[in-house]
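Below is one structure; the comments refer to it alone.
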Amino acid sequence: MGILDFLKRKPEPTAGLAKERLRIIVAQERSTRGAPDYLPLLRNELLEVIKKYVHVDLDAININVEHDSGHEVLELSVALPDGKPASNPAT
Amino acid sequence: MTAEIIVVTSGKGGVGKTTTSASLATGLAMAGKKVAVIDFDVGLRNLDLIMGCERRVVYDFVNVVHGEATLKQALIKDKRHDNLFVLAASQTRDKDALTQEGVEKVLDGLSEDGFDYIVCDSPAGIEKGAHLAMYFADMAVVVVNPEVSSVRDSDRILGLLASKTRRAERGEPAVRQHLLLTRYNPARVANGDMLSVKDVEEILGISVVGVIPESEQVLAASNSGVPVILDEASNAGHAYHDTVARILGEERALRFLEVPKKGFLQRVFGG
Ligand SMILES: Nc1ncnc2c1ncn2[C@@H]1O[C@H](COP(=O)(O)OP(=O)(O)OP(=O)(O)O)[C@@H](O)[C@H]1O
Ligand SMILES: [Mg+2]
């Protein structure tokens, strides 16, 4: 890329990206609001365990605390990748 | 009648809480209400500077809480409005200088003295000072900037208002929540570089009570110790007037959301 191209290039507007990221993080934080403080830690430890078997990122793990007619339900979901085992299985 | 307690809070620091507290309190006083504005930022007193009464602070909030001064002695009467009073924060480094009982006593005292509104300028964060500032509130003005960390923090604060206040603990009607978007820059929004009013409302799921534009006059106002709402020449001042009117129940359309069309001289010299 020539120096002129560089000068001409307009930076991509970023507000849309900010909005998308906020939408997700705010929804996630609301869902665990008022929930036990150990949830983030639990999430990280689960990730460590799951990683022994499959490659997943932290955001593949979803934790929700649902209030269901007087009961609190801890809801866990892990989005698994397409069945590929981890390349270096647990040692 | 008991006083209506308004907390001005945000979570994130430096978003415009003190600027807003000063203008909100002044605006309410201009509307004929008897108003006290209290600086809860123990150790970092600043409201006195923004209100322009820093040289008249003798006793502060903590002195009253500890019984070292009466409310009457500690309340500083505003230079411009007879029905507006400032209670300064203490400069002590002791973060535990304020207690829930102490704060309650002061608020009750103000209520008995016939104040209509008590504006509580919260410190940043979600620690004790911020908690105490919001605990007794009837209404909250959550100050937010169109920027990711501020928006996220304000959502956190909205959650705390709904759960960690006296109203929430007693199962009373919830603290009325108002979102105030400040330091808004229409040009940057138009370029797609800044979250718009609509974006922020959508993300947080509540509508704004006002939008204060980013304005150079805010700095000039704090330099001179005059709340910006008194600057008749500034858009920020007008936007604060509108906000106060809405808080008092009036309906007013939002202003200053579009890029101002500048004349040639203004484009050259700014303004
Ligand atoms: N609408 C505005 N336009 C331009 N500058 C502004 C505006 N509102 C606030 N500011 C500036 O932002 C800075 C922080 O404002 P202020 O002290 O009111 O924030 P704060 O939330 O009280 O901060 P803290 O969390 O430290 O208490 C100040 O320099 C102030 O002049
Ligand atoms: Mg402040």
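The values are calculated or read from the model by the stated rules, or taken from the named source; none is laboratory data. These figures come from a predicted structure and were not determined experimentally. Quick reminder, even Gly has a Cβ in these numbers, built from the backbone with ideal geometry, and neighbours come from all protein chains shown. Just so you know, the surface numbers come from the protein's heavy atoms only, side chains and all, with ligands and any DNA or RNA stripped out. Shrake-Rupley method; radii C 1.70, N 1.55, O 1.52, S 1.80 Å.
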Checking residue B:153 against (1) open to solvent by 10 Å² or more (accessible area, probe 1.4 Å); (2) within 14 Å of chain A (Cβ to nearest Cβ); (3) more than 16 Å from ligand 1 (Cβ to nearest atom), only one condition comes out false. Which one? (3)
Here the residues within the stretch B:80-98 that are modelled with pLDDT under 95, open to solvent by 40 Å² or more (accessible area, probe 1.4 Å) and not acidic (Asp, Glu) are B:91, B:92, B:93, B:95
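Tally the residues that are assigned to a loop (DSSP other than H, G, I, E, B), within 16 Å of ligand 1 (Cβ to nearest atom) and out of contact with any Ser or Thr (no Cβ under 8 Å at 6 or more places or on another chain), restricting the search to the stretch B:29-52. If you could, list the steps in order and put the result at the bottom.
Within the stretch B:29-52, the subset assigned to a loop (DSSP other than H, G, I, E, B) is B:31-34, B:40-46, B:52.
Restricting the remaining residues to those that are within 16 Å of ligand 1 (Cβ to nearest atom) gives B:40-46, B:52.
If we keep only those that are out of contact with any Ser or Thr (no Cβ under 8 Å at 6 or more places or on another chain) as well, we get B:44.
Going through the stretch B:29-52 one residue at a time, the tally reaches 1.
Could you check, for the stretch B:139-147, whether at least one of its residues is more than 19 Å from residue B:244 (Cα to Cα) and either away from every other protein chain (no Cβ under 14 Å) or not hydrophobic (A, V, I, L, M, F, W, C) (or both)?
Filtering the stretch B:139-147 for residues more than 19 Å from residue B:244 (Cα to Cα) gives B:146-147.
Now drop any that are not either away from every other protein chain (no Cβ under 14 Å) or not hydrophobic (A, V, I, L, M, F, W, C) (or both), which leaves B:146-147.
Checked the stretch B:139-147: at least one residue is more than 19 Å from residue B:244 (Cα to Cα) and either away from every other protein chain (no Cβ under 14 Å) or not hydrophobic (A, V, I, L, M, F, W, C) (or both).
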Mind checking whether some residue in the stretch B:11-28 is open to solvent by less than 10 Å² (accessible area, probe 1.4 Å), assigned to a loop (DSSP other than H, G, I, E, B) and away from ligand 1 (no atom under 15 Å from the Cβ)? no
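Test residue B:185 against the criterion of being open to solvent by 10 Å² or more (accessible area, probe 1.4 Å) and without any contact (Cβ under 8 Å) to a residue 12 or more places away in the chain, and give yes or no. It would help to see each step written out before you state the result.
Values: open to solvent by 10 Å² or more (accessible area, probe 1.4 Å): yes; without any contact (Cβ under 8 Å) to a residue 12 or more places away in the chain: no.
Answer is no for this residue.
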Hits in the stretch A:23-72 (condition: more than 14 Å from the chain's Cα centre (by Cα), under 23 Å from residue B:155 (Cα atoms) and among the hydrophobic types (A, V, I, L, M, F, W, C)): A:35, A:65
Can you list the strands (runs of 3 or more DSSP E) found entirely within the stretch B:53-165 that contain at least 1 residues being among the aromatic types (Phe, Trp, Tyr) and within 16 Å of residue B:6 (Cβ to Cβ)? B:84-87, B:117-121
Single unsatisfied condition, residue B:143 versus (1) out of contact with any helix residue (DSSP H, G or I) (no Cβ under 8 Å at 6 or more places or on another chain); (2) within 11 Å of ligand 1 (Cβ to nearest atom): (1)
State which residue pairs qualify: first residue more than 9 Å from chain A (Cβ to nearest Cβ) and inside the stretch B:191-206, second residue open to solvent by 40 Å² or more (accessible area, probe 1.4 Å) in any location, beta carbons under 6 Å apart, and separation of 6 or more residues or different chains. B:201/B:207
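Looking at the stretch B:12-36, which of its residues are within 12 Å of ligand 2 (Cβ to nearest atom) and β-branched (Val, Ile, Thr)?
Of the residues in the stretch B:12-36, the ones within 12 Å of ligand 2 (Cβ to nearest atom) are B:12-22.
The answer is B:15, B:18, B:19, B:20.
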Among B:253, B:245, the single one that is more than 16 Å from ligand 1 (Cβ to nearest atom), open to solvent by less than 30 Å² (accessible area, probe 1.4 Å) and either in contact with a His (Cβ under 8 Å, 6 or more places away or on another chain) or closer than 22 Å to residue B:31 by Cβ (or both) is B:245
Answer yes or no: is there a residue in the stretch B:62-77 that is within 16 Å of ligand 1 (Cβ to nearest atom) and buried (at least 20 other Cβ atoms within 10 Å of the Cβ). no
Determine whether the stretch B:120-136 contains at least one residue that is β-branched (Val, Ile, Thr) and closer than 16 Å to residue B:157 by Cβ. yes
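Any idea which residue in the stretch B:188-220 is most open to solvent (accessible area, probe 1.4 Å), counting only those that are assigned to a loop (DSSP other than H, G, I, E, B) and acidic (Asp, Glu)?
Of everything passing the filter in the stretch B:188-220, B:214 is most open to solvent (accessible area, probe 1.4 Å).
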